[in-house]
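Quick note: the coordinates plus some simple rules give every number you see, no bench work behind them. Here the structure is a predicted model, which is why all the values come from computation and not from measurement. Neighbour counts are summed over all protein chains in view; Cβ atoms, including those assigned to glycine, are modelled from backbone coordinates with ideal geometry.
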Amino acid sequence: MKLHTLKPAKGSTKNRKRIGRGQGSGRGGTSTRGHKGAQSRSGYSRKQGFEGGQQPLQRRVPKFGFRNPTRVAYQAVNLDAIQELVEKLDITKVDVEALRSNGLAGKKDLIKILNRGELKQGIEITAHAFSASAIASIEKAGGTAIKL
């Protein structure tokens with residue numbers, strides 16, 4: 001095999017359709033656009049979602065729901081995850097930075113501590129919010145819950 005003998009496989013390439021090059025080509029005149037109508041005009045572009053005059057999908061389907069612009073979203077962290085973290089790192093204080101650096105919350109997340117699982121020792125936990133049952137569990141274990 002030599003470089004100058006290489007060519008594409010048979011049937012893998014096609015010639016492009018040359019339109020508007022005279023009547024003899026068979027594609028002159030209307031240049032495959034048919035007669036009259038918006039689609040035959042130059043500069044025509046169909047609107048996104050246009051369905052040929054049929055009512056488009058985004059107008060057929062009803063609107064629903066509501067997104068509250070003032071909603072405050074918290075990243076939930078459970079007590080069992082905190083207990084795991086305490087055992088792994090052997091620490092007595094858990095703050096927002098510790099939770100973020102260990103992948104339990106994102107950089108800009110507000111953190112809420114929830115009550116799933118249990119604590120085995122007293123820990124000082126600092127977070128943006130706590131559930132009432134989580135505060136009770138933390139204090140029962142001999143720890144403190146500090147709200148930011």
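Do we have R16 as out of contact with any Pro (no Cβ under 7 Å at 6 or more places or on another chain) and either assigned to a loop (DSSP other than H, G, I, E, B) or touching a residue at least 60 places away in the same chain (Cβ under 8 Å) (or both) here?
Yes; evaluated as a whole, the condition is true for this residue.
Run T92 past the list (1) touching a Ser or Thr at 6+ places or on another chain (Cβ under 6 Å); (2) exposed (fewer than 12 other Cβ atoms within 10 Å of the Cβ) and report the number of the one that doesn't hold.
(1)
Tally the residues that are more than 12 Å from A145 (Cα to Cα) and either in contact with a Phe, Trp or Tyr (Cβ under 8 Å, 6 or more places away or on another chain) or part of a loop (DSSP other than H, G, I, E, B) (or both), restricting the search to the stretch 86-102.
Final tally of qualifying residues: 4.
Pairs needed: first member in the stretch 106-135, surrounded by fewer than 17 Cβ atoms within 10 Å (Cβ to Cβ); second member anywhere, of a type in the set (F, W, Y); C-beta distance under 6 Å; at least 6 residues apart or different chains.
L110/Y74; A129/Y74
Residues of the stretch 68-90 being over 12 Å from I138 (Cβ atoms), aliphatic (A, V, I, L, M), in contact with a helix residue (DSSP H, G or I) (Cβ under 9 Å, 6 or more places away or on another chain) and in contact (Cβ under 8 Å) with a residue 24 or more places away in the chain, which ones?
V77, A81
Considering only the stretch 44-85, how many residues are surrounded by 10 or more Cβ atoms within 10 Å (Cβ to Cβ), in a loop (DSSP other than H, G, I, E, B) and hydroxyl-bearing (S, T, Y)?
Counting residues in the stretch 44-85 that are surrounded by 10 or more Cβ atoms within 10 Å (Cβ to Cβ), in a loop (DSSP other than H, G, I, E, B) and hydroxyl-bearing (S, T, Y) gives 1.
Just wondering, is there one or more residues in the stretch 103-122 that are part of a helix (DSSP H, G or I) and either touching a strand residue (DSSP E or B) at 6+ places or on another chain (Cβ under 7 Å) or not hydroxyl-bearing (S, T, Y) (or both)?
Within the stretch 103-122, none of the residues are part of a helix (DSSP H, G or I) and either touching a strand residue (DSSP E or B) at 6+ places or on another chain (Cβ under 7 Å) or not hydroxyl-bearing (S, T, Y) (or both).
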